[in-house]
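The values are calculated or read from the model by the stated rules, or taken from the named source; none is laboratory data. Keep in mind that what you see is a predicted model, and the values were worked out from it rather than measured. Don't worry about glycine lacking a Cβ; one is built from the backbone with ideal geometry, like all the others, and counts go over all protein chains shown. For accessibility, only protein heavy atoms count, side chains too; no ligands or nucleic acids. Shrake-Rupley method; radii C 1.70, N 1.55, O 1.52, S 1.80 Å.
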Amino acid sequence: MRKLYIIGIGAGNPEQVTVQAIKAMNTVDVFFLLNKGDDKSDLVQLRKEICERYIDRKTYRFVEIADPERDPSISSYPHRVDEWHQRRAAIYEELISRELGEEGRGAILVWGDPSLYDSTLRIIDQLIERGRVSFEYEVIPGITSVQALAARHKIILNGIGQSICITTGRNLAATKLRDEADNIVVMLDGNDSYKDLVDQDLTIYWGAYVGTEKEILLAGRLGDIADTIRMTRSEARASNGWIMDTYLLRKSAL
Ligand SMILES: C[S@@+](CC[C@H](N)C(=O)[O-])C[C@H]1O[C@@H](n2cnc3c(N)ncnc32)[C@H](O)[C@@H]1O
């Protein structure tokens, strides 16, 4: 039977790829690469470098596919995302049946870990539900950007006995969550949502391109460094064409 590996590759440092991932990658015939456009081609390049570096058997191939755009005419956010996932599912359906033989092995290399703000497993569920192509699959965990951020700042994410909330910039801006949680990790924040928080005494541990050669780390009292982060972020984004940043907000002092 065809087999598909969903492999977490870490958040940008090729040395975060696990031994389990390397073993699986060495059995793969076809790597499916979803290309999100020119500005993020660094991310596709890193996946290729990982394969080059860790796969001994050079018989594998890459199949690159353009990631479909979300349809801006669908006003409801969940519907827009769902419709986008359906189109991605249709693409994978075709690729699996076209590119993998009955015993073929394919892989999708997921940034960080597939369990965190990544839709690949949702798409796999949709493929199974549609039932048009048969395959088995295995998920291989990777180092998340959250773990990479904590390691680079040399911090524990929670205070003793405290909880951690992981959320998005959109949620941080829209909810009161920030009043309840002692430690909030924020991902996918394109709008510098930290700068509008009422409590500027929070400590922020910010990191962009964590684990890569472009890495930038900043930490301090939010009120003191919010402007520096905003400017650093905007300059880095302009010069690299893309940015991925994550931060921890904490109530206790540095
Ligand atoms: C679509 S999510 C993918 C998360 C990924 N699955 C993970 O396990 O980290 C993309 C977000 O992850 C965060 N991110 C991913 N890689 C990062 C990195 N190297 N440095 C900082 N943040 C990163 C950013 O918040 C970015 O907006």
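Observations on the structure shown:
- Of everything listed in (1) assigned to a strand (DSSP E or B); (2) free of Cβ contacts under 8 Å to residues at least 40 places away in the same chain; (3) among the hydrophobic types (A, V, I, L, M, F, W, C), the single unmet condition for Ile91 is (1).
- Scanning segment 194-208 turns up no residue that is at negative phi, within 11 Å of the ligand (Cβ to nearest atom) and open to solvent by 50 Å² or more (accessible area, probe 1.4 Å).
- Top-ranked residue in segment 149-171 [being within 16 Å of the ligand (Cβ to nearest atom) and in contact (Cβ under 8 Å) with a residue 40 or more places away in the chain; ranked as nearest to Asp245 (Cα to Cα)]: Leu149
- Residue check, Ala66 of a type in the set (Gly, Ala, Ser), at pLDDT below 90 and crowded, with 18+ Cβ neighbours inside 10 Å: no
- Number of the exception - Met231 against (1) more than 15 Å from the ligand (Cβ to nearest atom); (2) part of a loop (DSSP other than H, G, I, E, B); (3) among the hydrophobic types (A, V, I, L, M, F, W, C): (2)
- Among residues that are open to solvent by 40 Å² or more (accessible area, probe 1.4 Å) and away from the ligand (no atom under 15 Å from the Cβ), Asp71 is included.
- Answer residue from segment 209-228, given it is of a type in the set (Val, Ile, Thr) and under 21 Å from the mean Cα position of the chain (by Cα) and is surrounded by the most Cβ atoms within 10 Å (Cβ to Cβ) among those: Val210
- Any hit, segment 97-113, residues being in contact (Cβ under 8 Å) with a residue 12 or more places away in the chain, surrounded by fewer than 17 Cβ atoms within 10 Å (Cβ to Cβ) and either within 14 Å of Ile6 (Cβ to Cβ) or within 16 Å of the ligand (Cβ to nearest atom) (or both): no
- If only residues of segment 114-133 that are more than 13 Å from the ligand (Cβ to nearest atom) and under 25 Å from Ile22 (Cα atoms) are counted, the one that is surrounded by the most Cβ atoms within 10 Å (Cβ to Cβ) is Ile123.
- Flag if Asn171 is of a type in the set (S, T, N, Q) and surrounded by 15 or more Cβ atoms within 10 Å (Cβ to Cβ): yes
- Failed item in (1) loosely packed, with under 15 Cβ neighbours inside 10 Å; (2) in contact with a strand residue (DSSP E or B) (Cβ under 9 Å, 6 or more places away or on another chain), with Arg57 passing the rest: (2)
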